[in-house]
Amino acid sequence: MTDNFIFNNKKVAFHTLGCKLNFAETSAIAKKMKDEGFVKVKSGEQADVCIINTCSVTDIADRKSRQAIHRLNRQHPDAIMVVTGCYAQLKPDEIAQLEGVDLVLGANEKFSVLEYLRTINKDTEKVHRNSVKRVREFKPSCSRDDRTRSFLKVQDGCDYFCTYCTIPLARGRSRSASVAETVARAEEAIRDGAREIVLTGVNIGDFGRSTGESFFELVKALDKIEADVRFRISSIEPNLLSDEIIDFVAVSQRIMPHFHIPLQSGTNEVLQLMKRKYNRELFANKVGRIKELMPHAFIGVDVIVGVHGETAELFEESCRFIDSLDISQLHVFTYSERADTKMLEIEHHNSISERKRRSEILHQLSDKKIRSFYTSQLGKEYPVLWESRSHGDNMMGFTSNYVKVMAPMTRQKVNTIELIQLTENNLVFD
């Protein structure tokens, strides 16, 4: 580290873990650094700065974050190592002790990385972290992955404080930009070539709480954009997925018939232990309404297994309920204890091996669900957005209702939309 760090033509490496929101934020940081003269490091080159955006949703996420820090330190031993993200917010002192780490930036500082780099020297304090209680500003961001879709951050933070979750501690209270500002950012992404935009956030259904607007108003405004683009709604709480949103998506030409709804448990007893804001009857009602209006809609569902208080009997009941739902796929998370959460006070703990066993059962159920949904779509025609990602000699893509398909690689078709008929030969079941 020097007393005067010059940015121009300095090489920077980025590594992002966790959710799409993290990737969107890394993209925003990368753009700011590029504007200041940084150049993204190429394979085999030595970086001057490494930015690691971490996740801390589970202890496995913590471990993967530490592994990434160690790996980048080995690959770029002389680089300034900057660690940010949820793990950095929750456990800054732990990260500061890791070899090679120079700066640890929390939720309040991650977008000020340039300011910290300008003043960094051998005497710089490693840890810069303010309380998330003081995080009030919303930092909009949009990223484009290595395929064709863009991820637009529309909301951040959460006010729910579920007993198993540290996100409010890591990201602060719910906040967002205005509808007008968010639409403007979407239009900018479209001008940059986006054909599909995924709306991301911590609790996107809570959009507008800080501006006096609503998520439904945002959805309607995005639908009015005159462009050849399609939008997807990422994970939205079932109690915030209003009937008016479902009804609107059913007739929209731009909002795709694709829903991702966290259930977390299929029993009301465990939902209460988790302090979730709905019961399973409401969840089933939402799924039923979607399928009534859009039988072809893809519905992904989050489930957590092995939480404290989930007995074997409750798990079996949860499985039966989930199996009864007309859904397309499960995203299964194995519970791990997180410091400073109320779940730690709940009796009846499940062993690690039992948690893994339950996770495997639900993964098998998910495989059954997605094969059933894909099979039900055979013979139907849907528009597919082709991606640059390849599978052997084939290119990949997703239909409007999120069925993964493949076709022989044709470079001219990448980032274009083509109407195709679904057959056993073009479906991808991975």
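Annotations for the structure displayed:
- Answer from I304, I261, I290 - the residue that is surrounded by 15 or more Cβ atoms within 10 Å (Cβ to Cβ), closer than 18 Å to S372 by Cα and not basic (K, R): I290
- Test for R355: is it basic (K, R) and either in a helix (DSSP H, G or I) or surrounded by fewer than 17 Cβ atoms within 10 Å (Cβ to Cβ) (or both): yes
- Neighbours by Cβ (under 6 Å, 6+ apart or cross-chain): first from region 202-227, under 19 Å from R254 (Cα atoms) and without any contact (Cβ under 8 Å) to a residue 24 or more places away in the chain; second in a loop (DSSP other than H, G, I, E, B) and not charged (D, E, K, R): S214/G208
- Cβ-Cβ under 9 Å pairs, at least 6 apart or on other chains, region 48-62 side closer than 14 Å to R171 by Cβ, far side basic (K, R) and at pLDDT below 90: N53/K110
- Selection status of D393, within 30 Å of G306 (Cβ to Cβ) and surrounded by fewer than 13 Cβ atoms within 10 Å (Cβ to Cβ): no
- Condition broken by G379, with the remaining ones in (1) on the phi < 0 side of the Ramachandran plot; (2) touching a strand residue (DSSP E or B) at 6+ places or on another chain (Cβ under 8 Å); (3) at pLDDT 95 or above; (4) surrounded by fewer than 17 Cβ atoms within 10 Å (Cβ to Cβ) satisfied: (1)
- The set of residues in region 266-288 being more than 27 Å from A250 (Cα to Cα) and without any contact (Cβ under 8 Å) to a residue 60 or more places away in the chain consists of T267, N268, E269, V270, L271, Q272.
- Restricting region 369-412 to residues that are of a type in the set (S, T, N, Q) and under 24 Å from the mean Cα position of the chain (by Cα), the residue that is nearest to R320 (Cα to Cα): N401
- Options R209, R195, R230, R185; residue that is of a type in the set (K, R) and either over 26 Å from P383 (Cα atoms) or more than 20 Å from the chain's Cα centre (by Cα) (or both): R209
- Note on region 46-71: residues that are exposed (fewer than 13 other Cβ atoms within 10 Å of the Cβ) and either in a loop (DSSP other than H, G, I, E, B) or hydroxyl-bearing (S, T, Y) (or both) amount to 1.
- Residue in region 174-182 that is of a type in the set (G, A, S), surrounded by 22 or more Cβ atoms within 10 Å (Cβ to Cβ) and under 29 Å from V414 (Cα atoms) present: no
- Some residue of region 209-218 being surrounded by 21 or more Cβ atoms within 10 Å (Cβ to Cβ) and closer than 20 Å to K153 by Cβ: yes
- Checking V83 against (1) within 29 Å of Y335 (Cβ to Cβ); (2) assigned to a helix (DSSP H, G or I), the condition it does not meet: (2)
- S336 being in contact with a helix residue (DSSP H, G or I) (Cβ under 9 Å, 6 or more places away or on another chain), surrounded by fewer than 19 Cβ atoms within 10 Å (Cβ to Cβ) and of a type outside the set (F, W, Y): yes
- Qualifying residue in region 160-172 (condition: assigned to a strand (DSSP E or B) and closer than 19 Å to K20 by Cβ): no
The values are calculated or read from the model by the stated rules, or taken from the named source; none is laboratory data. This one's a predicted model, so the numbers in the text were calculated from it and none came from an experiment. Cβ sites come from the backbone with ideal geometry, for glycine too, and all protein chains shown count toward neighbours.
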